[in-house]
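Have a look at the structure below before the remarks.
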Number of protein chains: 2
Amino acid sequence: MIKKSTFEQIISQDMAEMWNTLTPDQKRIVTKNFTIQNFKKNQIIYAEKEAPEMLWCLLKGKVKMYKSGIGDRVQILRLYRPVQYFGYRAYFAGEPYVSSAAAFEPSTLGMLPMEVVDSLIRQNNDLAMFFIHELSRNLGGSDTKIVNLTQKHIRGRLADALLLLIENYGLEDDDSTLKIYMSREDLANLSNMTTSNAIRTLTAFTNEKLIIVDGRKIKIINEAQLRKISKFG
Amino acid sequence: MIKKSTFEQIISQDMAEMWNTLTPDQKRIVTKNFTIQNFKKNQIIYAEKEAPEMLWCLLKGKVKMYKSGIGDRVQILRLYRPVQYFGYRAYFAGEPYVSSAAAFEPSTLGMLPMEVVDSLIRQNNDLAMFFIHELSRNLGGSDTKIVNLTQKHIRGRLADALLLLIENYGLEDDDSTLKIYMSREDLANLSNMTTSNAIRTLTAFTNEKLIIVDGRKIKIINEAQLRKISKFG
DNA sequence: GTAAATTTGTGTTTAATAACACTGTTTTGA
DNA sequence: TCAAAACAGTGTTATTAAACACAAATTTAC
């Protein structure tokens, strides 16, 4: 059990964007109801069809949100980094989860019961606006993804995925190595292609000197050209 | 110009879900700022990259929201019927429109400046919850669409489109004819396929006695089988 | 009312990517 | 630490759907 002062520290430092909208009373409510849980690599946080009960807050680590489709195919929908919130959409829509979430690597998450979030939103308009803003940005992202995943060719989709990883998790101090190390299968599931095609296309990008691959470590060598490939489709 | 009493009638009768959350003062603000505009068949309501300024409210007719992609390809993202609201997402996300909207048929729309909506939301939590709910449902829909459009085969995607049209616009009194008459191209753009393939697949469904096609009029004969085709992929 | 434009329909070819099969390599867990 | 499992890599084949080409039918606009 983590002691309360640590809670307050985590909450006030990392959750600033949401925390700052709250009154002292509301802050007390959050502190009282907030719990922390650690997840192992690949551990499932919640699964499709379950009832949404918690607002999840990623404090440390990396998380994927994904959806199972036809046969054994999986589509990764969104990636989360600290400090981002997820798991609330289904609750607000009044339906079970349509996607699942799992930790990419050992991760620390905070959870707050959605009933608490709901009652806070009804008291606090800035908090309501925070969720309206987040949902709106996500919806725009999903709409754009529909077109990118259905209309671009394999090379364009993989370029998109690499650019997303740069944007989302950033690069090491060398300014070129992706901070996330993911399996070829995850990369394929992010780009709507088979694992074989992800591997082949990574090889093609390597031959074209756009990236350097060493196991799961990917160095971005020519981001400008990746952008061109992404744009062309 | 429509006179004010008519405004109030339209607003109070048709916009009930939103209207009922408002205080008398807030209702006055809406009435004062609400304007009505008619659109011809295929007329564009707003276009991608424009700045979002209005909350649109479809009072009469049918509207499509769509996004241009690679080459000349278009993806229809969502369909609207009276009385539904749209056009607010980009404003809340703080970005230009990523999609366009156009009338399928002669339509009547109400518009309310987003600044007014914004200030109402900040005063009224039920209204905030209305938008949170709408955005959440749309986001779930888009996430599901990503998987359906990328993983299902042509027949499954066209079956999905037909089922969506039933759900969204309903059937005539004969309980089988779709109330919306759309071009093969629009049907293709809804299902992520070429017009040729939409035509061919409609012919296939006709041969299998799932539908009867007469020009743009489509009768649904075997909805259960369409659901099977949709599910199988 | 008629010419032009658009839409529908169909056959053929081509390109993209999934599916399959198999080998070598790395990681994991008892 | 060693065996099993998972992952990475590559060649080959099959399948799906796009691209292209063109004719017929319908709608639109003057």
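I need a count of the residues in the stretch B:201-233 that are in contact with a helix residue (DSSP H, G or I) (Cβ under 6 Å, 6 or more places away or on another chain), aliphatic (A, V, I, L, M) and either in the same structural domain as B:Tyr66 (by TED's automatic domain parsing) or within 13 Å of DNA strand D (Cβ to nearest atom) (or both).
Let us first name the residues in the stretch B:201-233 that are in contact with a helix residue (DSSP H, G or I) (Cβ under 6 Å, 6 or more places away or on another chain), namely B:201, B:210-211, B:213, B:226, B:229-230, B:233.
Retained after the next criterion (residues that are aliphatic (A, V, I, L, M)): B:210-211, B:213, B:226, B:229.
If we keep only those that are either in the same structural domain as B:Tyr66 (by TED's automatic domain parsing) or within 13 Å of DNA strand D (Cβ to nearest atom) (or both) as well, we get B:213, B:229.
Counting residues in the stretch B:201-233 that are in contact with a helix residue (DSSP H, G or I) (Cβ under 6 Å, 6 or more places away or on another chain), aliphatic (A, V, I, L, M) and either in the same structural domain as B:Tyr66 (by TED's automatic domain parsing) or within 13 Å of DNA strand D (Cβ to nearest atom) (or both) gives 2.
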Quiz item: Among the listed residues B:Asp143, B:Asp186, which satisfies the condition of being surrounded by 17 or more Cβ atoms within 10 Å (Cβ to Cβ), among the acidic types (Asp, Glu) and more than 14 Å from chain A (Cβ to nearest Cβ)?
Solution: B:Asp186
Exercise. From B:Gly215, B:Gly156, grab the single residue that is at pLDDT below 95 and of a type outside the set (D, E, K, R).
Key: B:Gly215
Quiz item: Taking the stretch A:221-233, which residues are closer than 12 Å to A:Ala161 by Cα, away from every other protein chain (no Cβ under 14 Å) and among the aliphatic types (A, V, I, L, M)?
Solution: A:Leu226
Quiz item: Looking only at the stretch A:149-171, which residues are touching a residue at least 40 places away in the same chain (Cβ under 8 Å) and of a type in the set (D, E, K, R)?
Solution: A:Lys152, A:Arg155, A:Asp160
Practice problem: Would you check if there is a residue in the stretch B:17-33 being modelled with pLDDT of 95 or more, in contact with a Gly (Cβ under 6 Å, 6 or more places away or on another chain) and within 21 Å of B:Ile121 (Cα to Cα)? | Solution: no
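Within the stretch B:180-192, identify whether any single residue is near DNA strand D (Cβ under 10 Å from one of its atoms) and touching a Leu at 6+ places or on another chain (Cβ under 7 Å), and answer yes or no. Full working, then the answer.
First pass over the stretch B:180-192, keeping only residues near DNA strand D (Cβ under 10 Å from one of its atoms): B:181, B:183, B:188, B:191-192.
Adding the requirement that they be touching a Leu at 6+ places or on another chain (Cβ under 7 Å) leaves B:191-192.
Looking through the stretch B:180-192, at least one residue is near DNA strand D (Cβ under 10 Å from one of its atoms) and touching a Leu at 6+ places or on another chain (Cβ under 7 Å).
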Practice problem: From A:Gln123, A:Gln151, grab the single residue that is out of contact with any helix residue (DSSP H, G or I) (no Cβ under 6 Å at 6 or more places or on another chain), under 28 Å from B:His153 (Cα atoms) and within 10 Å of chain B (Cβ to nearest Cβ). | Solution: A:Gln151
Exercise. Restricting attention to strands (runs of 3 or more DSSP E) lying wholly within the stretch A:35-83, give those where 3 or more residues are closer than 17 Å to A:Glu167 by Cβ and in contact (Cβ under 8 Å) with a residue 12 or more places away in the chain.
Key: A:63-68, A:74-80
Quiz item: When both residues are 6+ apart or on different chains and their Cβ atoms are under 9 Å apart, which pairs have a first residue that lies in the stretch B:178-195 and is closer than 16 Å to B:Ala103 by Cα and of a type in the set (Lys, Arg), and a second that is part of a loop (DSSP other than H, G, I, E, B) and more than 12 Å from DNA strand D (Cβ to nearest atom)?
Solution: B:Lys179/B:Lys62; B:Lys179/B:Gly170; B:Lys179/B:Glu172
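Pick out the one residue from B:Glu105, B:Glu95 that is touching a helix residue (DSSP H, G or I) at 6+ places or on another chain (Cβ under 8 Å) and assigned to a loop (DSSP other than H, G, I, E, B). Talk me through it step by step, then tell me what you get.
Numbers: B:Glu105 fails: touching a helix residue (DSSP H, G or I) at 6+ places or on another chain (Cβ under 8 Å).
Every option except B:Glu95 fails the conditions.
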Quiz item: Do we have B:Ala198 as within 15 Å of DNA strand D (Cβ to nearest atom), without any contact (Cβ under 8 Å) to a residue 60 or more places away in the chain and outside the structural domain of B:Leu79 (by TED's automatic domain parsing) here?
Solution: yes
Exercise. Filter the stretch A:147-179 down to the residues that are farther than 25 Å from A:Leu58 by Cβ and β-branched (Val, Ile, Thr), then identify the one that is nearest to DNA strand D (Cβ to nearest atom).
Key: A:Thr150
Quiz item: How many residues does the stretch B:81-138 contain that are buried (at least 16 other Cβ atoms within 10 Å of the Cβ), within 20 Å of B:Pro24 (Cβ to Cβ) and among the polar types (S, T, N, Q)?
Solution: 2
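The values are calculated or read from the model by the stated rules, or taken from the named source; none is laboratory data. Nothing here was measured: the structure is a model prediction, and the numbers come from that model. Neighbour counts run over all protein chains shown; Cβ positions are idealised from the backbone, glycine included.
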